[in-house]
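A.B. asks: Let me give you the structure first, and then I'll get to my questions.
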Amino acid sequence: MDALPQPRRSGALSALHSMMMPVWILLSAVTAGLKAEDGGMEELTTEKEAEESHRQDSVNLLTFILLLTLTILTIWLFKHRRVRFLHETGLAMIYGLLVGVILRYGIPATSYHNKTPPSCSLKEGPVSTVLLNISGKFFEYTLKGEINSREIHNVEQNDMLRKVTFDPEVFFNILLPPIIFHAGYSLKKRHFFRNMGSIITYAFLGTAISCFVIGNLMYGVVKLMQAFGQLTDKFYYTDCLFFGAIISATDPVTVLAIFNELHADGDIYALLFGESVMNDAVAIVLSSSIMAYQPSGTNTHMFDAAAFFKSVGVFLGIFSGSFVMGVATGVVTALVTKFTKLHCFPLLETALFFLMSWSTFLLAEACGFTGVVAVLFCGITQAHYTYNNLSAESTKRTKQLFEVLHFLAENFIFSYMGLALFTFQNHIFSPIFIIGAFIAIFIGRAFNIYPLSFFLNLGRRHKIKGNFQHMMMFAGLRGAMAFALAIRDTATYARQMMFTTTLLIVFFTVWVFGGGTTPMLSWLHIRVGDTESLQEEHRQLGALEYFRCRI
């Protein structure tokens, strides 16, 4: 009797199951549809973000191109009107400053989803990437930089400013090689090699003297700041020496451009030009050697004789290796152009010359040497040997190609310097440090020029006259190389203060000393209108073009 209802209950359950099946299928379909819709919305959002990022990158690049275009047009106006109180580099910096002000204060800040990001704790140690596991999906987040607590709602504007602040490696690998190569490839060999001993003395010994004088003076300034309570974080002696190394890199591009236009004395031009291109290389290797200075024991920032001599060995090894690599690449290019018939195809010849020259920089960097030294001596070797093997069309093309690249890269850098004063978000302005740095660089430059000139004159037939020495002292401008070395590492309190100070020093020297070059030439009675230089320009431009430009 009891067993009879069982089939009816089983039938009822079966019926209920049969009725529920379409509902479960419907719910599963709706859930899958919602998940697919969520996935589609996520992909759509990602595509929109990528498109917006691409558009913003294009706007940033367009900004720099418009800056360069405006600079070029203003340069033409200045040259046409014979205006020499402001060089194009100073002009590019002014335009960069104006655009930086607009980007920083003219664009309204927007909030990031109108809420504060959730707080999280980080472990001790350097963190560059965070992996987040959400329901089995891993998301990678890259550290872009610290956000000021007062600007936590302005993440989008911070991201825009951060994109304008480009990676320093872009400068070193893309913008710097054509500048340095052009310096070596276009030098006036007769004056350069006639003053080679003096140039090497100023570049090597003078840069080292300037580095240690500035470094020790700045260490005294740091101790003074510490005594007055103006120092809020660590600032070591090695940091002061590093600052001395990077700020010893002179860049008298404004002075040399005016020298070239006025056809100033060839020897003073060669001394300033040779010292500037060589001491850039020396400053890079010297700063790398100071960073490699690692004393043993607990006092990691105190003087250690063994570590000092090790860093000297690193300096000599890097410099000599880079020199050999640059010369070797130049010789290989000369042999290839001499023993092949590439001159029958000028386009291929120019392309090979360009690639071999640029690869010298990258090869040296990849091997742990310094690309600046390698590409500089590659340019000198190419000018001495390869240039004579090129076809007439390729000789003209290579000179014009690197001249245009040098001009654009240099003005891009100076425009960016003006921009960085407002877009860089971790400036540390310390009046005591800035004033001390200005005094230190003038003292360091004086200890470089005057004592070395005295000793060099003991063995020179053509003496370095007093007015030449004063001009070299005056022309010790700081520029692109000091800026690039300072911005390469801004992770610590000390490096951020160095970067801000370096930027202000570059502004001051380019505007004040660059603009005062012409009056200083007159006041020091340095000869201009060199006949040999005028004849060389006449040969390069051609008689018709020469007179057309002079009218």
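A.B. asks: Report yes if LEU348 is exposed (fewer than 14 other Cβ atoms within 10 Å of the Cβ), touching a Leu at 6+ places or on another chain (Cβ under 9 Å) and either closer than 13 Å to TYR387 by Cα or without any contact (Cβ under 8 Å) to a residue 60 or more places away in the chain (or both), otherwise no.
C.D. replies: yes
A.B. asks: Select, from PHE433, PHE454, the only residue that is farther than 20 Å from ILE214 by Cα, among the hydrophobic types (A, V, I, L, M, F, W, C) and over 19 Å from the mean Cα position of the chain (by Cα).
C.D. replies: Checking each option against the conditions leaves just PHE454.
A.B. asks: Name the helices (runs of 4 or more DSSP H) wholly inside the range 187-299 in which the number of residues that are of a type in the set (A, V, I, L, M) and open to solvent by less than 10 Å² (accessible area, probe 1.4 Å) is 2 or more.
C.D. replies: 207-227, 237-247, 253-262, 266-291
A.B. asks: Here's a follow-up. Go through the range 467-505 and report how many residues are at pLDDT 90 or above and β-branched (Val, Ile, Thr).
C.D. replies: Matching residues across the range 467-505 total 4.
The values are calculated or read from the model by the stated rules, or taken from the named source; none is laboratory data. Computed from a prediction, not measured in an experiment: that's the story for all the values here. As a convention, Cβ positions derive from the backbone with ideal geometry for all residues, glycine included, and neighbour counts pool all protein chains shown. Protein only, heavy atoms only, side chains kept; ligands, DNA and RNA dropped before computing areas. Shrake-Rupley method; radii C 1.70, N 1.55, O 1.52, S 1.80 Å.
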